[in-house]
Amino acid sequence: MLNDLETKTPPIPVTPVPAATVMVLRDTPGGIEVLMVQRTKKADFAGGALLFPGGKVDQDDHHLLKAKLCNFSETIDEDLRALRIAGAREIFEEAGLLFAREAQGGQLINDARARFINEKYRHQLLKKEVNFSEIISTEKLILATDLLVPFAHWITPITGKKRFDTHFLIAKAFEGQEASHDGSETLDTIWIRPATAIKDAEAGKRRVVFPTRMNLRKVDEALDSQTAIETAKKTPVVTVLPEVSEVEGGRHLKIPIEAGYGISEITVDYAASDQPPPQKK
């Protein structure tokens, strides 16, 4: 979070926690919509905010990786693979969407199969009565992690009291699967146009944190979900570790212009206000 940044760099910065968040897209006559979840006000991170489904990497994600219960179409290291598995798990936990294939045959699961697994296991998973790896193994599935494409990478500034090393992934929604909130960490799931989410934040109707706003703005440049995904595949991800600097009039955040957000500097107060960044002139 940007409103809890220390004014000075601590002697030993807090180690950022690895996390993944997934921007699930679908096409509508009015343009791209993205799936977002409404956090409860008591949530450990970004309470009350509208976010993409996501969360921290856990040990079971690494277990899934070692058990080879996931697909990868390119050569990436173990940590990045675990992050994509975490993204797939969080989509299921928070939004009820299952990105998976049948182990035998390799076809993507259909909506009836996904609904059955959701109804049978999701409540147990949220109560920690079963692990995600057990669900995937028992149901003879393979996670379709190859469909989760890297889109962005943000790390909380080193002056942050609570820091995350978050990989944003992008994927196209499976036809027929219906999203639903978990009733625990999230209060609602909505499909919304990126521009609408930004306007709602500007109007004070919704709380949308700075990295989320920036990636909503970035994905809104695509004409459709497939274009967004193909563009992401061809575009190298530039890590954004905002630098905080003291300037006349207050503190500023600097981000690399190469990251593709159209800005390189913004005030900390403005970024922490849940308002969208100013448009390029």
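The values are calculated or read from the model by the stated rules, or taken from the named source; none is laboratory data. Worth saying up front: this structure is predicted, and the values here are computed from it rather than measured. Positions of Cβ are generated from backbone atoms using ideal geometry, with glycine treated the same way; all protein chains shown enter the neighbour counts.
Below is a table of values for the structure above.
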{"item": "Top-ranked residue in the range 126-145 [being at pLDDT 95 or above, touching a helix residue (DSSP H, G or I) at 6+ places or on another chain (Cβ under 8 Å) and assigned to a helix (DSSP H, G or I); ranked as surrounded by the most Cβ atoms within 10 Å (Cβ to Cβ)]", "result": "ILE136"}
{"item": "The range 52-95: number of residues that are β-branched (Val, Ile, Thr) and closer than 20 Å to ARG39 by Cβ", "result": "2"}
{"item": "Breaking point among (1) under 30 Å from ARG113 (Cβ atoms); (2) surrounded by 18 or more Cβ atoms within 10 Å (Cβ to Cβ), for GLY176", "result": "(2)"}
{"item": "Evaluation of THR227 against (1) under 18 Å from the mean Cα position of the chain (by Cα); (2) without any contact (Cβ under 8 Å) to a residue 40 or more places away in the chain; (3) within 21 Å of GLU33 (Cα to Cα) (one fails), failing number", "result": "(1)"}
{"item": "Residue tally, condition part of a loop (DSSP other than H, G, I, E, B) and either surrounded by fewer than 15 Cβ atoms within 10 Å (Cβ to Cβ) or of a type in the set (A, V, I, L, M) (or both), over the range 236-250", "result": "6"}
{"item": "First in the range 113-138 and farther than 12 Å from PHE92 by Cα and free of Cβ contacts under 8 Å to residues at least 40 places away in the same chain, second anywhere and part of a helix (DSSP H, G or I) and aromatic (Phe, Trp, Tyr), Cβ under 8 Å, 6 or more apart", "result": "VAL130/TYR121"}
{"item": "Residue selected from the range 64-107 under the condition of a type in the set (Gly, Ala, Ser) and assigned to a helix (DSSP H, G or I), by the criterion nearest to the chain's Cα centre (by Cα)", "result": "GLY87"}
{"item": "Where PHE168 falls short, out of the listed (1) in contact with a Pro (Cβ under 8 Å, 6 or more places away or on another chain); (2) assigned to a loop (DSSP other than H, G, I, E, B); (3) of a type in the set (Phe, Trp, Tyr)", "result": "(2)"}
{"item": "Qualifying positions in the range 194-208 - more than 13 Å from MET36 (Cα to Cα) and surrounded by 18 or more Cβ atoms within 10 Å (Cβ to Cβ)", "result": "ALA201"}
{"item": "Pair list, Cβ < 8 Å and 6+ apart or interchain, from the range 85-96 residues that are within 13 Å of VAL57 (Cα to Cα) and in contact (Cβ under 8 Å) with a residue 24 or more places away in the chain to residues that are surrounded by 24 or more Cβ atoms within 10 Å (Cβ to Cβ) and among the charged types (D, E, K, R)", "result": "ILE85/ASP61; ALA86/ASP61; ARG89/ASP61"}
{"item": "Residues that are modelled with pLDDT of 90 or more and farther than 17 Å from LEU143 by Cβ, drawn from the range 32-78", "result": "ILE32, GLU33, VAL34, LEU35, MET36, VAL37, LEU50, LEU51, PHE52, LYS56"}
{"item": "Residue tally, condition out of contact with any Lys or Arg (no Cβ under 8 Å at 6 or more places or on another chain) and either within 18 Å of ASP182 (Cβ to Cβ) or surrounded by 15 or more Cβ atoms within 10 Å (Cβ to Cβ) (or both), over the range 81-115", "result": "20"}
{"item": "Test set (1) free of Cβ contacts under 8 Å to residues at least 12 places away in the same chain; (2) within 17 Å of GLY87 (Cα to Cα) - THR166 fails condition number", "result": "(1)"}
{"item": "Qualifying positions in the range 244-275 - modelled with pLDDT of 90 or more and of a type in the set (Asp, Glu)", "result": "GLU258"}
{"item": "Filter pass, HIS153 being modelled with pLDDT of 95 or more and either in a strand (DSSP E or B) or over 21 Å from LYS66 (Cα atoms) (or both)", "result": "yes"}
